[in-house]
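Report on the structure given below.
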Amino acid sequence: MSEQKVTQDPTKGSASDHEAIDPATAAEAQARFDASSADSSDAADEHASASEGIALVTGALEREVTEQKDKYLRLYAEFENFRRRTVRERQEAELRGMQHLLRGLLETIDDVARFAHVDPTSTDSTTLVEGVAMVEKKLLKSLASHGLEVIDPMGQPFDPALHEAITTTPAATAEEDHLVAMVYQVGYVHNGTLLRPARVVVTQWNG
């Protein structure tokens, strides 16, 4: 008898192919897939949310920088205007003060001019001396109205803050020690500020 070949029906799988799928295993796999999808979706949402937050913060910072820059520019412009105005006002005040001083000296300048052009052949020395003394008095009076004080400390105690001792001379008594015996050159003070000390000779007791 000839050997018969048995051909397997391709439509029929093996016994292992037709084993039943465990429902619990399928449910677990589906749950894992769903969780993975949910995680991916959450990650995308978180990334989008983070990007949106960064954009908001960046925009806020840029607005703040712009506002601060505008404030700085306004303050700088105001300060420059204040500085220029202050310089201008100070210059104007100095000019007015100088003009006020010069107005007070005009008459004295006129007196000096008159004595400078007198005829020496027809004017005696006494008249000239008296005229110069009058001009000096008027000049000092005008300057005194502007805060100038003359330091003429003859016979007064020596004051190193106002006087400059150029030499000493013996004192006759102990009571005359450190007194101004002679004034070589008067000093000047303007509104409490020493312009020039008086140069003097000071007595010194050596007994």
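Taken together, the values in this text are just the output of simple stated rules run on the coordinates, not laboratory data. Model, not experiment: these values are computed from the prediction. Here the Cβ is made from the backbone with ideal geometry for all residues, glycine too, and neighbour counts use every protein chain on show.
Points to keep in mind about this one:
- So L162, is it more than 20 Å from D111 (Cα to Cα) and in contact with a Pro (Cβ under 9 Å, 6 or more places away or on another chain): yes
- Some residue of segment 89-97 being assigned to a helix (DSSP H, G or I), without any contact (Cβ under 8 Å) to a residue 24 or more places away in the chain and of a type in the set (A, V, I, L, M, F, W, C): yes
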